[in-house]
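Notes to accompany the following structure.
Bear in mind that the values in this text are calculations on the coordinates, not laboratory data. All of these numbers come straight from a predicted model, not from anything done at the bench. Note that we place each Cβ from the backbone using ideal geometry, even for glycine, and neighbour counts take in every protein chain shown.
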Amino acid sequence: MNRECIACHKQAQYTIRALQLRTLHVRGMTGEEKYQVPDDKVLEYGVCRECAQKRLKEHRTGKSGRKRTIIFAIIALAGVLLLFGAAQAGALTGQDQLVRVLRMVGLAAVLCGGAGFISTAKEAGAERKRLSGMSGEAALEECAWQVFLDSAPKEMGEEKWSLTYIPVNEKTLATLPGDLMILYDIQPGVAKEVMKKIGHPKA
Ligand SMILES: [Zn+2]
């Protein structure tokens, strides 16, 4: 195989087969409408072993979710500071309105930051557990898919169609069409076409 890695452009060892699905949300008279168009055919992309290994290492060392957990922690901390600041501002200025606004914003930041922190940490832990339950090669393939998703374009065209990718592999073909529709947010109207294009046995 002579394909380059989508992330670092070195020689790729993993082949990613995926069907691209374009989605456009249009605000119309009856509310928001969603249009979905699958790509003409399944495309192949490459990911190198080094990038997949790097990703797996990030999961194992807990580095993968660290950036997001830090951001949420900072938001929560800013909220705490705002709550303290609100009390101070109230004592200094006596402006009840201002204090109320500061308190609300502070409380929202604490709640949102705290909830984000917990869910990100939980997610990272669950992902680590899932990958460690797989064989080494299966975990690397899973990580190669994640590297692909990170590097693949997410938007397209002037209308900014959002792009999602459906992996075309044994696991997808063994999953029931109904479950795939939920998993990849495929509309009923295009589901049949999608199943046919990925060669699903129930198409
Ligand atoms: Zn690479």
Scanning the range 59-100 residue by residue, those within 30 Å of Cys5 (Cα to Cα), surrounded by 15 or more Cβ atoms within 10 Å (Cβ to Cβ) and out of contact with any Asp or Glu (no Cβ under 7 Å at 6 or more places or on another chain) turn out to be Arg68, Thr69
Test each condition in (1) touching a helix residue (DSSP H, G or I) at 6+ places or on another chain (Cβ under 6 Å); (2) outside any helix (DSSP H, G or I); (3) away from the ligand (no atom under 16 Å from the Cβ) for Ile16 and report the one that comes out false. (3)
So which residues in the range 136-174 are among the small types (Gly, Ala, Ser) and under 20 Å from Ser64 (Cα atoms), if there are any at all? Gly136, Ala138, Ala139, Ala144, Ser151, Ala152
By residue number, the members of the range 168-190 that are under 22 Å from the mean Cα position of the chain (by Cα) and within 11 Å of Leu21 (Cα to Cα) are Tyr184, Asp185, Ile186, Gln187
Could you grab me the full set of residues in the range 19-41 that are over 21 Å from the mean Cα position of the chain (by Cα) and either within 16 Å of the ligand (Cβ to nearest atom) or in a loop (DSSP other than H, G, I, E, B) (or both)? Met29, Thr30, Asp40, Lys41
Taking the options Glu155, Glu127, Glu142, Glu123, name whichever one is free of Cβ contacts under 8 Å to residues at least 24 places away in the same chain, acidic (Asp, Glu), within 30 Å of Lys57 (Cα to Cα) and surrounded by fewer than 17 Cβ atoms within 10 Å (Cβ to Cβ). Glu155
Which of the following residues is surrounded by 13 or more Cβ atoms within 10 Å (Cβ to Cβ), touching a helix residue (DSSP H, G or I) at 6+ places or on another chain (Cβ under 9 Å) and farther than 30 Å from His9 by Cα: Leu56, Leu111? Leu111
If Arg130 passes every condition in (1) closer than 28 Å to Arg3 by Cα; (2) in a helix (DSSP H, G or I); (3) more than 16 Å from the ligand (Cβ to nearest atom) but one, which one does it miss? (1)
Lys10 is checked against (1) free of Cβ contacts under 8 Å to residues at least 60 places away in the same chain; (2) surrounded by fewer than 16 Cβ atoms within 10 Å (Cβ to Cβ); (3) charged (D, E, K, R); (4) more than 16 Å from the ligand (Cβ to nearest atom) and fails just one. What number does that condition carry? (4)
List pairs: first residue in the range 61-90 and under 30 Å from Ala126 (Cα atoms), second residue part of a helix (DSSP H, G or I) and among the hydroxyl-bearing types (Ser, Thr, Tyr) anywhere in the structure, Cβ distance under 8 angstrom, at least six positions apart or on different chains. Gly65/Thr120; Arg68/Thr120; Thr69/Thr120; Phe72/Thr120
Among all residue pairs at least 6 apart or on different chains, which show Cβ distances below 6 Å where the first residue, located in the range 43-54, is more than 11 Å from Gln146 (Cβ to Cβ) and the second is within 6 Å of the ligand (Cβ to nearest atom) and in a strand (DSSP E or B)? Gly46/Cys5; Cys48/Cys5
